[in-house]
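The values are calculated or read from the model by the stated rules, or taken from the named source; none is laboratory data. Treat the numbers as computed from the prediction; the structure is a model and nothing was measured. Don't worry about glycine lacking a Cβ; one is built from the backbone with ideal geometry, like all the others, and counts go over all protein chains shown. Surface accessibility is based on the protein's heavy atoms, side chains included, excluding ligands, DNA and RNA. Shrake-Rupley method; radii C 1.70, N 1.55, O 1.52, S 1.80 Å.
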Amino acid sequence: MPDEEIEERELDLTAPEVVTKYKSAAEIVNKALQLVISECKPKAKIVDICEKGDAFIREQTGNMYKNVKKKIERGIAFPTCISVNNIVCHFSPLASDETVLEPRDMIKIDMGCHIDGFIAVVAHTHVLQDGPLTGRAADVISAANTAAEVALRLVRPGRKNKDVTEAIQKVAAAYDCKIVEGVLSHQLKQFVIDGNKVVLSMSNPETRVDDAEFEENEVYAVDIVTSTGDGKPKLLDEKQTTIYKRAMDRNYHLKMKSSRFIFSEINQKFPILPFTARALEEKRARLGLVECVNHDLLQPYPVLHEKPGDLVAHIKFTVLLMLNGSDKITFHPLQELKPTKTIDDPEIKAWLALGIKTKKKGGGKKKKGKKGDKAEESMEAEPMDAANGVASQE
């Protein structure tokens, strides 16, 4: 199909080219995640590992679509973050940072890739130890993973976002853990990492989102963060914040020369998707970013903390709501978990037994019917171990 025809219609999952780009981005970010996990060793510097994750994505995406006539943007959709123990998210330090990993650290890896603006993101939790995970470490990871598996089965056409919020809170409670407040699962669109349709992880009076219904051909980043603490993280040090995104609807005439220099660099290199200050000229960035943030030209991604001693787990995946069911395209298998809790609640078990893929009845090819006709179909389930919250991976 000519490029002009593709551009004339909305770029969603009805276009095979779009599905291919989502899956290509997912393949790269899954491999990048595997690389980052392999680099996570005691005494390894976090910034070095983050750089390796980002470099891998840049290299792999740079090898794609090199010979097409129209330039296709591709690369990092969300910088590599490695947040340890009670740090919730977004820790991607500057080159001068000396923080290293230690044995038994609980590491949250968060990263994203895009091809032509079609985004695949993933987050995974890994503990620096050999053998199965036990105790509260196993509980908090099982809570996040089981909640994510329930969300995978409930984020499907015809269902509502508020139903997912209630379900994942119930799953976390079953493991005596809390869903971390303020975490949103967003719809993804071309060059849009935080679409307007969202799922709130934790309902509370201070945070409200619009009711929404999931629809076929939509894409979502399902984002679950659980904690053994109270689930109310705090910003302890603004200087730790290094990830920002350009606020497209804001303009301001910056006063400082360093601010104008940095903002010009951001507009040139990172006009739409999140970036790390590590990718900018560091000395000028330190000064210039402050004025940009103070005047709302940039949206910061703060580094949040639970209390010392609390454990935090993070699971995020990208799912395509296809005609034939849900297609989870980003993931990495978990370590062996032996949690202290088991899932006995009948409602949670029922959610985990729900299907993911659509299985047509009667076999053979489906004939095209009139608009509005519904094909007979059932949902085929993916096996799920409700005891420890681990889904089998094909």
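Among the residues of segment 54-74, those that are surrounded by 19 or more Cβ atoms within 10 Å (Cβ to Cβ) and of a type outside the set (F, W, Y) comprise D54, I57, Q60, T61, R74.
Residues considered: A25, A44. Of these, the only one that is at pLDDT 95 or above, farther than 29 Å from R104 by Cα and either open to solvent by 40 Å² or more (accessible area, probe 1.4 Å) or hydrophobic (A, V, I, L, M, F, W, C) (or both) is A25.
Residues of segment 84-97 that are modelled with pLDDT under 95 and open to solvent by 40 Å² or more (accessible area, probe 1.4 Å): A95, S96, D97.
Selection over segment 223-273 of residues that are open to solvent by 20 Å² or more (accessible area, probe 1.4 Å) and in a helix (DSSP H, G or I) gives a count of 13.
Residue-wise test of (1) crowded, with 19+ Cβ neighbours inside 10 Å; (2) modelled with pLDDT under 50; (3) more than 29 Å from A26 (Cα to Cα); (4) of a type in the set (D, E).
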residue: E347; (1), (2), (3), (4): no, no, yes, yes
residue: I356; (1), (2), (3), (4): yes, no, no, no
residue: G362; (1), (2), (3), (4): no, yes, yes, no
residue: E376; (1), (2), (3), (4): no, yes, yes, yes
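Here M256 qualifies as farther than 23 Å from F191 by Cα and not assigned by the TED database to the domain that holds F91.
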